[in-house]
1. Of everything in the stretch 56-99, what is of a type in the set (Val, Ile, Thr) and under 16 Å from Gly9 (Cα atoms)? Give them in sequence order.
2. Scan the stretch 5-29 for residues that are more than 17 Å from Val63 (Cβ to Cβ) and either without any contact (Cβ under 8 Å) to a residue 40 or more places away in the chain or exposed (fewer than 14 other Cβ atoms within 10 Å of the Cβ) (or both) and jot them down.
3. Output the strands (runs of 3 or more DSSP E) that fall wholly within the stretch 61-123 and possess 2 or more residues being open to solvent by 70 Å² or more (accessible area, probe 1.4 Å), or say none.
4. For a quick check of your reading of the model, give me the residue pairs whose first member lies in the stretch 38-51 and is without any contact (Cβ under 8 Å) to a residue 24 or more places away in the chain, whose second is surrounded by 12 or more Cβ atoms within 10 Å (Cβ to Cβ) and not in a loop (DSSP other than H, G, I, E, B), with beta-carbon atoms closer than 6 Å and at least 6 apart or on different chains.
5. If you check Gly35 against the conditions, is it open to solvent by less than 60 Å² (accessible area, probe 1.4 Å) and either of a type in the set (Phe, Trp, Tyr) or assigned to a strand (DSSP E or B) (or both)?
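The values are calculated or read from the model by the stated rules, or taken from the named source; none is laboratory data. Remember, it's a predicted structure, so these values are computed and weren't measured experimentally. Reconstructed Cβ throughout: ideal geometry from the backbone, glycine too, with neighbour counts over all protein chains shown. Surface accessibility is based on the protein's heavy atoms, side chains included, excluding ligands, DNA and RNA. Shrake-Rupley method; radii C 1.70, N 1.55, O 1.52, S 1.80 Å.
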Amino acid sequence: QVQLVESGGGLVQAGGSLRLSCAASGSIVSINAMGWYRQAPGKQRELVAAFTRSGTINSADSVKGRFTISRDNAKNAVYLQMNSLKPEDTAVYYCNAAVRTRLESYYTTNNYWGQGTQVTVSS
């Protein structure tokens, strides 16, 4: 089984910064893709920024120039540095990973989500 554990959320004033961390643990063979999504009240979950399987980064236009995603493959971890935060960034932020695991002689790739961490930006 695979678990994603997030940390780093909190309350910050507009213009401030936060850094989110997510670490994957369990029977991991490899991580194909990993990144961050968010869901604001009454809205659908949306991509914030993520590494694709090829290593490129996809990110929402609304966060470009403000948020930076990075990863540490040795730790199976991904980070999100959020600067110049705005009230509209308020949401629950979820870590997501496509993880390849092995059970006996079988390999499978499944999508996993963290429990979410609240980010609240006050005006």
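1. Going through the stretch 56-99, the residues of a type in the set (Val, Ile, Thr) turn out to be 56-57, 63, 68-69, 78, 90, 92, 99.
Selection gives Thr68, Ile69, Val78, Thr90, Val92.
2. Listed by number, the residues that qualify are Ser7, Gly10, Leu11, Gln13, Ser25, Gly26, Ser27, Val29.
3. In the stretch 61-123, 67-72, 91-103, 106-113 are the strands (runs of 3 or more DSSP E) which contain 2 or more residues that are open to solvent by 70 Å² or more (accessible area, probe 1.4 Å).
4. Here the result reads Leu47/Tyr37, each pair linking the stretch 38-51 to a residue that is surrounded by 12 or more Cβ atoms within 10 Å (Cβ to Cβ) and not in a loop (DSSP other than H, G, I, E, B).
5. Numbers: open to solvent by less than 60 Å² (accessible area, probe 1.4 Å): yes; either of a type in the set (Phe, Trp, Tyr) or assigned to a strand (DSSP E or B) (or both): yes.
Yes: the conditions hold for Gly35.
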